[in-house]
Amino acid sequence: MNQYTTVLWDLDGTLLDFVYSQRHALRKCFDTIGREITEEEIQTYARINDDYWKRLELGEITKEELLPGRFTALFSALGISGVDASAFCAEYQTALGSVYSYLDDSLTVCRRLRTYVKQYVVTNGVASTQYSKLELSGLAEVMDGIFISEEIGHHKPEREFFDHCMKRLEEKDKKRILVVGDSLSSDIKGGIQAGIPTCWYNRTGSGNNTEYIPDYEISCLSMLYDIL
């Protein structure tokens, strides 16, 4: 009998290349305001965006503050005025959901795992954007369910997010469920707080300077075959 029956997958940075989609969306949206965005400016946005999401995870800001707030901060940093941050954000989310790129041939991995485990997506992303990427990429077809913080009313790493998931999973034994994700502060912390085993997808070989120690660490998704 397999040790695990259920996998809870993070989406951005784990199954799909978020950096690829982010770059595409930013370039497309900056075109609409008649301005080209440089690679350095993309990196500036990435740092601002990461900071805003970390603040959300810590409960310092709300999702409603995060979405336009990161663009208000970006426009301020770049000296851009006269652009409505909320309208720009809406265009950005649409563009973000219109393209995708797999990490480690993730669709093939999920198709293979589907023969012996249940699989679900657990994500903090904007619902419309995430559903779009899941449908376009074909990942929606191989998942048994999709859990999105915007619809649940709680986000990773909050215990309530995972409690919501547990109520809807067929598997009720937490020891037989595995959270797989690239974020120590969201996926791994969330799994640990919820009492669910975790697997850190550390594609870049980063060091772990946090207190959150995963049960497993992998550098490519196919390594899950041996774990599961």
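Quick check, is residue 178 at pLDDT below 95, over 15 Å from the mean Cα position of the chain (by Cα) and at negative phi? Steps first, answer last, please.
On the way: at pLDDT below 95: no; over 15 Å from the mean Cα position of the chain (by Cα): yes; at negative phi: yes.
No.
If I go through region 170-190 residue by residue, how many of them are assigned to a strand (DSSP E or B) and more than 14 Å from residue 124 (Cβ to Cβ)? I'd like the intermediate steps shown before the answer.
Narrowing region 170-190 to residues assigned to a strand (DSSP E or B): 177-181.
Pick out the ones that are also more than 14 Å from residue 124 (Cβ to Cβ) and you get 177-178, 180.
Total satisfying the criteria: 3.
To keep it simple, each residue is scored yes or no on (1) in contact with a Leu (Cβ under 8 Å, 6 or more places away or on another chain); (2) more than 22 Å from residue 24 (Cβ to Cβ).
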position	(1), (2)
107	yes, no
121	yes, no
130	yes, no
135	no, no
151	no, yes
192	no, yes
199	yes, yes
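Specify the residue that is nearest to residue 215 (Cα to Cα); the eligible residues are those in region 145-169 that are hydrophobic (A, V, I, L, M, F, W, C) and assigned to a helix (DSSP H, G or I).
Residues of region 145-169 that are hydrophobic (A, V, I, L, M, F, W, C), as a first pass: 146-148, 152, 161-162, 165-166, 169.
Filter again for assigned to a helix (DSSP H, G or I), leaving 152, 161-162, 165-166.
Working: 152: 26, 161: 20, 162: 17, 165: 20, 166: 19 Å.
Selected residue: 162.
If a residue has to be outside any strand (DSSP E or B) and either free of Cβ contacts under 8 Å to residues at least 40 places away in the same chain or among the acidic types (Asp, Glu) (or both) to count, how many in region 191-205 make the cut? Quick ask: steps written out before the conclusion?
The first filter runs over region 191-205 and keeps only residues outside any strand (DSSP E or B), leaving 191-197, 202-205.
Now drop any that are not either free of Cβ contacts under 8 Å to residues at least 40 places away in the same chain or among the acidic types (Asp, Glu) (or both), which leaves 192-195, 202, 204-205.
Of the residues in region 191-205, 7 are outside any strand (DSSP E or B) and either free of Cβ contacts under 8 Å to residues at least 40 places away in the same chain or among the acidic types (Asp, Glu) (or both).
What are the residues in region 134-161 that are within 14 Å of residue 57 (Cα to Cα), in contact with a Phe, Trp or Tyr (Cβ under 8 Å, 6 or more places away or on another chain) and free of Cβ contacts under 8 Å to residues at least 60 places away in the same chain, if any?
154, 161
I'm trying to understand the selection: among the residues of region 206-226, which are open to solvent by less than 90 Å² (accessible area, probe 1.4 Å), closer than 18 Å to residue 190 by Cα and outside any strand (DSSP E or B)?
208, 210, 212, 214
Of all the residues that make up region 95-131, how many are touching a residue at least 12 places away in the same chain (Cβ under 8 Å), open to solvent by 40 Å² or more (accessible area, probe 1.4 Å) and assigned to a helix (DSSP H, G or I)?
The first filter runs over region 95-131 and keeps only residues touching a residue at least 12 places away in the same chain (Cβ under 8 Å), leaving 95-107, 109-114, 116-131.
Now drop any that are not open to solvent by 40 Å² or more (accessible area, probe 1.4 Å), which leaves 98, 100, 102, 104-105, 111-112, 114, 116, 118, 128, 131.
Remaining after also requiring assigned to a helix (DSSP H, G or I): 111-112, 128, 131.
Of the residues in region 95-131, 4 are touching a residue at least 12 places away in the same chain (Cβ under 8 Å), open to solvent by 40 Å² or more (accessible area, probe 1.4 Å) and assigned to a helix (DSSP H, G or I).
Of these, 91, 60, 36, 41, which one is farther than 26 Å from residue 187 by Cα, among the acidic types (Asp, Glu) and assigned to a loop (DSSP other than H, G, I, E, B)? Working first, answer last.
Details: 91 fails: assigned to a loop (DSSP other than H, G, I, E, B); 60 fails: farther than 26 Å from residue 187 by Cα; 41 fails: assigned to a loop (DSSP other than H, G, I, E, B).
Selected residue: 36, the only one of 91, 60, 36, 41 that is farther than 26 Å from residue 187 by Cα, among the acidic types (Asp, Glu) and assigned to a loop (DSSP other than H, G, I, E, B).
The values are calculated or read from the model by the stated rules, or taken from the named source; none is laboratory data. Here the structure is a predicted model, which is why all the values come from computation and not from measurement. In this analysis, Cβ positions are derived from the backbone assuming ideal geometry, glycine residues included, and neighbour counts consider all displayed protein chains. Each accessible area value is taken on the protein alone, full model and side chains, heavy atoms only, with ligands, DNA and RNA left out. Shrake-Rupley method; radii C 1.70, N 1.55, O 1.52, S 1.80 Å.
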